[in-house]
1. Just to verify a number: FRET efficiency for Asp27 and Ala301, C-beta to C-beta distance, R0 = 22 Å, to 0.05?
2. Using a 10 angstrom cutoff on alpha carbons, build the Gaussian network for the chain and name the most mobile of Met148, Met67, Met118.
3. Taking the Cα centre of the range 9-251 as origin, work out the dipole magnitude from +1 charges on Lys and Arg Cβ and -1 charges on Asp and Glu Cβ, in debye rounded to 20.
4. Using a 10 angstrom cutoff on alpha carbons, build the Gaussian network for the chain and name the most mobile of Ile165, Ile174, Ile206.
5. Taking the 0 to 90 degree range and rounding to the nearest ten, how far is the long axis of helix 260-278 tilted relative to the main principal axis of the chain, both from C-alpha atoms?
6. Cα axis of helix 31-40 to longest principal axis of the chain: angle in degrees, 0 to 90, nearest 10?
7. Looking at the chain as a GNM with Cα springs under 10 Å, which of Gly209, Gly117, Gly296 has the largest mean-square fluctuation?
8. Keeping all protein chains in place, calculate the accessible area per residue for the range 260-321 (probe 1.4 angstrom), answer in Å².
Amino acid sequence: MNQKGVELIKINDYKFDPAFVLAPMEDVTDTAFRRLCKEMGADIVYTEFISSEALIRDAEKAKRKMMFYPDERPIGIQLYGSRVESVVDAGKRAQSVGPDFIDLNVGCPVTKVADQGMGAGLLKNCDLMAAIVKALKEELTLSVTVKMRLGWDLESINVLQNVKILNEMGVHWIAIHARTRAQGYKGEADWSWIKKAKEISEVPIIGNGDITSVEKAEWALEYSKADGIMIGRGAIKAPWIFRQLKAYFFEGKRLPEPEFEEKLSIARKHFTLLVEHKGKYAVSAFRRFSNTYFKGEKGVAKIRQRLSVSRSPEEVFEILENPFKLK
Ligand SMILES: Cc1cc2nc3c(=O)[nH]c(=O)nc-3n(C[C@H](O)[C@H](O)[C@H](O)COP(=O)(O)O)c2cc1C
């Protein structure tokens, strides 16, 4: 524990104090985006959430989501499910590809997941959540972590009860998105719960929700005393946030937002990694990042339009080399 009262986050040979973590995000945190964020300074990354049932059916799409490169370590494979045997079976399959930890999703708010008792659905059935975590702990050799929300809705917040249960189960750390399932992504994350969770937890707590700047990160760490912070949408908007955090926390330097030329070079790196991973499908996958690299630039509508009609990686590279060329 350092003088701020913050625990060190340790996983295998890695140690972080505090840890800056890329949040798992479906259709966003594929291997390309994770590698980009690692290069920018993210400490820990997770895969997108993966259905346990799909994994044990041997579904190709689910298996592909487990793929990662050595430069992504430490990396966790995140699973969701509500049947103990399925999650354990999926956990063993995930363990066999060699990640650093296995994470259980206890936060996905999407109806087709949560209403079937998976993801945030487990917040309404703490006994089942505990049974799944217990079985994972017994059957796997890897560290097990949990990412959860505050509770199902504001009337049934049970985060502190769940933190106690998960401490008893011996999870490696707990990441908390400080919203309820009912809130979805609306309203503000309530970091007072992360502070309270930290006060009662022996295992490290990673706080999550609405961190979009170095200032907010500094406030969140100081206020909650969390052991790390996890960033989702803030990283889609600005993957360089991790670089800014590292410079500020470890060197006391404030890095400005990159100039447009540098954003373009980061975009080219990102797209190169995407093509390596997805081939021609990189073209459509890259469209969701047009705001990341072009928002606020003159002529952005035209660039976005050119990206939206691009059909080949070559066309996208051409735009990233020469975004203002008129076609
Ligand atoms: C597009 C998108 C996809 C997400 N997919 C997942 C997921 O697969 N697993 C998960 O635990 N959380 C998922 N989340 C939630 C994020 O991990 C994070 O908890 C949430 O966005 C709050 O953090 P933020 O305010 O930094 O974005 C997703 C969020 C977004 C925006």
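1. The computed FRET efficiency comes out at 0.40.
2. Per the Cα network of the chain with a 10 Å cutoff, Met67 tops the list.
3. For the range 9-251, the charge dipole is close to 260 debye.
4. Sorting by GNM fluctuation, first place goes to Ile165.
5. Rounded to the nearest ten degrees, it is 70.
6. Approximately 90 degrees, to the nearest ten.
7. Gly296
8. Accessible area per residue: 51 Å².
The values are calculated or read from the model by the stated rules, or taken from the named source; none is laboratory data. In this text the structure is predicted, and so the values were computed from the model without any measurement. Don't worry about glycine lacking a Cβ; one is built from the backbone with ideal geometry, like all the others, and counts go over all protein chains shown. Calculation scope for accessible area: heavy atoms of the full protein, side chains included, ligands and nucleic acids excluded. Shrake-Rupley method; radii C 1.70, N 1.55, O 1.52, S 1.80 Å.
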